[in-house]
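Structure first, commentary second.
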Amino acid sequence: MNAPAPARAGDEAIAAWVCGLLGREVRQIDLYRSALTHRSARQDNNERLEFLGDAVLGMVIAEELFRRFAAADEGDLSRLRARLVSSAPLAQIGAQIGIGAMLHLGSGELRSGGFRRESILADATEALFGAMYLEGGLDEVRGLILRLYAPQLESLRPEGLKDAKTRLQELLQGRGEALPAYVLESTVGEPHEQVFTVRCEAHLSGREQPLAAQGTGSSRRRAEQQAAGKLLDQLAELWGR
């Protein structure tokens, strides 16, 4: 059974929640009210703060990766930053801090469970960072971002910087094989909750049939990444690690 939709949080609840995150009293509640308001609710929504928060988050993560991985090149750092600031980890952080219960959504989004939707949680989390930057400055929001991202940052390893599609392409090229092919097999579900299924194929020398793997995800890109990862596992068994 799905959890019931939360009641709209008032200013006092929002202020107490933000205080719990920052460890200080809120000075500009209007910023946080806007940051937690989805565009389905009213005109004064969080899209502008999301734009700002996206830039702040990207800079903080880029700076931290630059500091941690002195031997990584620009391409590796860019791929890793893109992975960390994508919707999935952002939504995970939003859920972790309970942002869904603070959101102001339109009635349609509320009924359809928008307070649990990945894209809405991720966007609101970025908007929250934007509001915190405007109110408290870069040092304060940097501290919070690094604290929230600490488990993900600590789990990073230099050998894991490249995504599955990149590693698959480089592996095949290094062995003189053709590049992999990605075929979209199906797309199911409502527009806001679609599931993509992608088939990844590698035509290897000396084999009549291609090696293939299937991946699914909430976007075509994620499905491709999953399929590439599965194909890498098959190649590891075939060629040895």
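Readers should treat all values here as calculations from the given coordinates under stated rules, not as data from a laboratory. Since this is a predicted model, take the numbers as computed values, not measurements. Neighbour counts run over all protein chains shown; Cβ positions are idealised from the backbone, glycine included.
Compared with the dominant principal axis of the Cα atoms in the chain, helix 47-68 is inclined by about 60°. Are there GluC sites (Glu not before Pro) in the range 181-211 that DSSP marks as loop and that have at most 11 other Cβ atoms within 10 Å, and which are they? Passing both the DSSP loop test and the Cβ count: E208. Placing +1 on the Cβ of every Lys and Arg and -1 on the Cβ of every Asp and Glu, with nothing else charged, gives the range 1-104 a dipole about its Cα centre of roughly 160 debye. Each principal axis of the Cα cloud of the range 87-218 was taken in turn, and the coordinate range along them, longest first, works out to 62, 38, 20 Å.
FRET efficiency for the E12 to Q96 pair, using the beta carbon distance and R₀ = 25 Å, is estimated at 0.65.
For the range 11-160, count the residues as N, evaluate 2.2 N^0.38 Å, and divide the Cα radius of gyration by that value, please. Let's see the in-between values first.
Values: Rg = 15.5 Å, N = 150, 2.2 N^0.38 = 14.8 Å.
Ratio of Rg to 2.2 N^0.38 Å for the range 11-160: 1.05.
The calculated FRET efficiency for the pair E140 and H203, based on their C-beta separation and a Förster distance of 45 Å, comes to about 0.25. If you take the Cα centroid of the range 148-226 and the Cα centroid of the range 55-74, the two points sit 24 Å apart. Distant-in-sequence amide contacts of H104, defined by a placed amide H-H separation under 5 Å and a gap of 5 or more residues or a different chain, comprise T37, H38. Find, among the trypsin sites (Lys or Arg not before Pro) in the range 113-211, those assigned to loop by DSSP (not H, G, I, E, B) with at most 14 other beta-carbon atoms within 10 angstrom. In loop regions of the range 113-211 (DSSP not H, G, I, E or B), the sparsely surrounded trypsin sites (Lys or Arg not before Pro) are R175, R207.
Candidates L65, G94, V198 compared by Cα position along the dipole of the chain: farthest toward the positive end lies V198, with charges placed on Cβ. Amide hydrogen proximity for E185: with H placed 1.01 Å from N in the peptide plane, the residues at 5 or more positions away or on another chain lying under 5 Å are T197, V198, R199.
Fully extending the segment from Q234 to V195 would add 11.7 nm, taking 0.36 nm per residue of separation and subtracting the current Cα-Cα distance.
Here the Kirkwood formula, the inverse mean of 1/r across different C-alpha pairs, assigns the range 164-239 a hydrodynamic radius of 12.6 Å.
Net charge around D139, counting only other residues with Cβ within less than 14 Å of its Cβ (Lys, Arg = +1; Asp, Glu = -1)?
Numbers: positive: R24, R142, R147; negative: E63, E64, E135, E140.
Neighbour charge sum, excluding D139 itself: -1.
How high is the FRET efficiency from E25 to R68, r the C-beta distance, R0 30 Å, rounded to 0.05? Using R0 = 30 Å, I get an efficiency of 0.35.
Relative to the first principal axis of the alpha-carbon coordinates of the chain, what is the inclination of helix 11-22, with its axis defined by its Cα atoms, in degrees from 0 to 90 and to the nearest 10? The helix 11-22 is inclined about 50 degrees to the chain.
The Rg/Rh ratio of the range 38-91, with Rg taken over Cα atoms and Rh as the Kirkwood radius over Cα pairs, comes to 1.13. Would you mind checking the tilt of helix 87-96 against the longest principal axis of the Cα atoms of the chain, expressed as 0 to 90 degrees and rounded to 10? Tilt of helix 87-96: around 40 degrees. Taken over the range 35-124, the convex hull of the Cα atoms encloses 86 Å³ per residue.
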